[in-house]
Amino acid sequence: MILKKRTYRPDKPVNPFIGALLFLISIVLLLITGPLGFVYGIFHSLFTRGVKGIGEYLLKIAISVDQLGNVMMQHLMNILWTTRNGYKFGNRDETISSALGRNKKLGTLTAAGRLMDKILDIIDPDHSLNSIDYYVEPSEDIIDHLAWILIKNEQILCLKKTNKDFYFIPRGIRIKGETDAHTLAQSTKKNFNIAIDIPTMEFVGIFEAQAHGKKPGILSRMTCYTAKHSGTLQPDSQIHEIAWLSYEDKENLSEVDQLIFDVLHQNGELA
């Protein structure tokens with residue numbers, strides 16, 4: 001799996017005729033220049049990095065072919081390998097194995113999908129789960145959040161909207177073209193009227209689960225950071241209720257927040 005960090009940009013609308021024309025051009029270029037480029041790539045990798053270089057070069061090609069297959073066969077795989085409520089194949093930035101792994105975590109693989117997953121596991125144990133790529137471009141099936149983890153006295157800071165019945169870890173929607181630090185600083189300023197100390201930000205992990213209150217197959221992805229802050233926490237009481245929760249309060253949170261609670265508890269940070 002190759003992890004990619006990037007500035008996220010939405011696709012531009014494309015004229016169907018232009019799309020078809022570009023497809024034909026790409027096929028012609030692939031057939032003409034592909035074999036020549038492949039042979040040159042093999043020798044270049046061999047003479048610059050040896051046998052290891054060839055392996056790395058072929059792995060990159062395999063991942064690209066896998067991504068192509070995820071787009072080309074998306075409709076067939078969505079019928080054969082996943083249930084109606086499964087995570088959809090078809091993200092052009094994602095491999096088949098990654099989408100298969102997401103469905104395995106959700107428990108939405110059909111019998112055929114589970115069979116394929118078992119075959120891959122024989123070749124490479126936990127292949128699909130290890131192939132989940134948390135840096136794929138956003139899609140309508142993934143809600144992309146950044147979360148601020150603040151723990152004191154083995155309890156974690158959480159919020160609850162006044163008209164809701166569940167708590168959540170403070171978060172903000174990823175902003176296109178902005179860094180994680182800037183987005184997190186903006187969301188914590190809005191939610192608490194405080195300033196986080198950006199140089200103290202530390203990556204905690206990336207977590208995914210079924211999005212709370214959304215139709216099945218829609219995932220909530222949380223990229224979590226800790227960071228020191230200055231100022232007193234002052235949430236808007238008309239919008240949010242603040243709470244310090246322990247591990248025993250886990251059931252009052254969404255699925256993705258429960259995953260974060262599990263990891264923090266296993267690490268001895270949450271009582």
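The values are calculated or read from the model by the stated rules, or taken from the named source; none is laboratory data. Being a predicted model, the structure only gives us computed values, none of them experimental. Backbone-built Cβ (ideal geometry, glycine too); neighbour counts: all protein chains shown.
Tabulated data for the structure shown
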{"item": "Strands (runs of 3 or more DSSP E) completely within the stretch 155-228 that count 1 or more residues being within 20 Å of the chain's Cα centre (by Cα)", "result": "171-173, 202-210, 219-226"}
{"item": "Test: residue in the stretch 224-232 that is buried (at least 16 other Cβ atoms within 10 Å of the Cβ) and farther than 28 Å from VAL136 by Cα", "result": "yes"}
{"item": "Some residue of the stretch 146-166 being touching a His at 6+ places or on another chain (Cβ under 7 Å), within 19 Å of LEU259 (Cα to Cα) and among the aliphatic types (A, V, I, L, M)", "result": "yes"}
{"item": "Scan of the stretch 113-126 for residues that are crowded, with 18+ Cβ neighbours inside 10 Å and either farther than 14 Å from GLY101 by Cα or touching a residue at least 24 places away in the same chain (Cβ under 8 Å) (or both), ordered by number", "result": "GLY113, MET116"}
{"item": "Qualifying residue in the stretch 164-173 (condition: of a type outside the set (Phe, Trp, Tyr) and touching a Cys at 6+ places or on another chain (Cβ under 8 Å))", "result": "yes"}
{"item": "Unique match (being at pLDDT 90 or above, of a type outside the set (Phe, Trp, Tyr) and touching a helix residue (DSSP H, G or I) at 6+ places or on another chain (Cβ under 8 Å)) among ILE2, ILE42", "result": "ILE42"}
{"item": "Residue list for the stretch 71-103, filter: modelled with pLDDT of 90 or more, among the basic types (Lys, Arg) and surrounded by fewer than 23 Cβ atoms within 10 Å (Cβ to Cβ)", "result": "LYS88"}
{"item": "Counted residues, the stretch 93-112 - those being without any contact (Cβ under 8 Å) to a residue 12 or more places away in the chain and not in a helix (DSSP H, G or I)", "result": "1"}
{"item": "Single match in ASP93, ASP126 (criterion: at positive phi and among the acidic types (Asp, Glu))", "result": "ASP126"}
{"item": "Qualifying residue in the stretch 248-255 (condition: outside the structural domain of TYR87 (by TED's automatic domain parsing), of a type outside the set (S, T, N, Q) and buried (at least 19 other Cβ atoms within 10 Å of the Cβ))", "result": "yes"}
{"item": "Matching entry among GLY205, GLY172, GLY217 (being out of contact with any Leu (no Cβ under 6 Å at 6 or more places or on another chain), closer than 22 Å to VAL263 by Cβ and surrounded by 14 or more Cβ atoms within 10 Å (Cβ to Cβ))", "result": "GLY205"}
{"item": "Yes/no for GLY90 being assigned to a loop (DSSP other than H, G, I, E, B) and either touching a helix residue (DSSP H, G or I) at 6+ places or on another chain (Cβ under 8 Å) or not small (Gly, Ala, Ser) (or both)", "result": "yes"}
{"item": "Residue in the stretch 142-154 that is farthest from the chain's Cα centre (by Cα), counting only those that are of a type outside the set (A, V, I, L, M, F, W, C) and part of a strand (DSSP E or B)", "result": "LYS152"}
